[in-house]
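J.: Take this structure first; my questions come after.
The values are calculated or read from the model by the stated rules, or taken from the named source; none is laboratory data. Since the structure is predicted, the reported quantities are computational estimates derived from the model, not experimental observations. Note that each Cβ is placed from the backbone with ideal geometry, even for glycine, and that neighbours are counted across all protein chains shown. For accessibility, only protein heavy atoms count, side chains too; no ligands or nucleic acids. Shrake-Rupley method; radii C 1.70, N 1.55, O 1.52, S 1.80 Å.
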Amino acid sequence: ILDDVEKENKIPKGLLKGLAMRESYGDPLRLNTGKDGGAGLFMFQPRTGRAYGLKVSGTSNKSGADYKHGEELRKLIAKNKNDYKAMGKIDERFDVKKSAEAAARYLKDDYNKYHSWDKALSAYNQGKPAPNPLKTKHVQKVREYQKYYNKRDHH
């Protein structure tokens, strides 16, 4: 799925895999460890998820920490017995394809704004790019994962 979304959006190979691993260790049902309402493969906050066309459960419209929303999500996942398909219908941040497409659009928007994939990755993580994105742990880790998957998937 991520390979296809990268191709469709002209995103460098492995970048979405790297970002998904950095954000959620590749777990589509993951909730942010800070319990702040970030959710899914790409850790979308409610406002950002909605801005990129995802259906988001609940009423939160925050782009930052919303602990009440985080608690609602934990209860919702438990109630649905960690059923990935059910959760993807309730909140599309848990749907791999839809969240990957949203993350790709988000990255492309930042790439078009900053003319650099590293700056786009940095902005994805903290709202605006760090002065030297390659020195940030976030960008370094995404690039490490990207390199690993590109090497692994090379036939």
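J.: Using Cα-Cα distances under 8 Å and only pairs 6 or more residues apart, what relative contact order does the stretch 104-155 have, in percent? Mind dumping the intermediate values first?
T.: Working: 39 pairs, mean separation 11.3, N = 52.
Relative contact order of the stretch 104-155: 22 percent.
J.: In terms of the Cα gyration tensor, with a ≥ b ≥ c the square roots of its eigenvalues, is the stretch 93-155 rounded because a/c is under 1.5, prolate because a/b exceeds b/c, or oblate? Intermediate values should be presented prior to the final figure.
T.: Numbers: a/c = 1.88, a/b = 1.13, b/c = 1.67.
It is oblate, given that a/c is not under 1.5 and a/b is not larger than b/c.
J.: Could you give the size of the charge dipole of the chain about its Cα centre, using +1 on the Cβ of each K and R and -1 on the Cβ of each D and E, expressed in debye and rounded to the nearest 20?
T.: Working: 33 positive and 20 negative charges, 40 e Å.
It comes to approximately 200 debye.
J.: Could you work out the helix-only [θ] at 222 nm for the chain, with each DSSP H run of four or more residues adding -39,500 (n - 2.57) and the total divided by the number of residues, to the nearest 500 deg cm²/dmol?
T.: Details: 8 runs with 90 residues, N = 155.
That calculation yields -17500 deg cm²/dmol at 222 nm.
J.: For q = 0.08 Å⁻¹, what log10 I(q)/I(0) does the chain give under the Debye formula with an equal point scatterer on each alpha carbon and no solvent?
T.: So the normalised log intensities work out to -0.21.
J.: May I ask you to give the percent of accessible area on the chain that is carbon plus sulfur, with a probe radius of 1.4 Å? Write down the numbers at each step before the final one.
T.: Values: 4290 of 8510 Å².
Solvent-exposed carbon and sulfur of the chain make up 50 percent of the total.
J.: Top mean-square fluctuation among TYR114, TYR52, TYR124, Gaussian network model of the chain, C-alpha springs under 10 Å?
T.: Comparing TYR114, TYR52, TYR124 in a Gaussian network model of the chain, the most mobile one is TYR114.
J.: Given a 1.4 angstrom probe, what's the average accessible area per residue across the stretch 1-117, in square angstrom? Mind showing how you got there, number by number?
T.: Details: 5890 Å² over 117 residues.
So the stretch 1-117 comes to 50 Å² accessible per residue, rounded to a whole number.
J.: So what are the radius of gyration and Dmax for the Cα set of the stretch 9-95, in Å?
T.: Over the stretch 9-95's Cα set, Rg and Dmax evaluate to 12.4, 38 Å.
J.: Moving on to the next point. Of LYS17/LYS62; LYS13/LYS141; LYS17/LYS89, which ones are farther than 18 Å apart at the Cα?
T.: On the way: LYS17/LYS62 26 Å; LYS13/LYS141 15 Å; LYS17/LYS89 22 Å.
As for pairs spanning more than 18 Å Cα to Cα, those are LYS17/LYS62; LYS17/LYS89.
J.: Taking 8 Å as the Cα distance limit and 6 or more residues as the minimum spacing, I'd like the relative contact order of the stretch 1-62 as a percentage.
T.: Once normalised by length, the contact order is 19 percent.
J.: Rounded, prolate or oblate: which one fits the stretch 1-57, using the alpha carbon gyration tensor with axes a ≥ b ≥ c (rounded when a/c is under 1.5, else prolate when a/b beats b/c, else oblate)?
T.: Numbers: a/c = 2.60, a/b = 1.45, b/c = 1.79.
Because a/c hits 1.5 or more and a/b fails to exceed b/c, the stretch 1-57 counts as oblate.
J.: If I take every Cα pair under 8 Å that is 6 or more residues apart in the chain, average their sequence separation and divide by the length, what percent do I get for the relative contact order?
T.: Values: 249 pairs, mean separation 41.0, N = 155.
The value is 26 percent.
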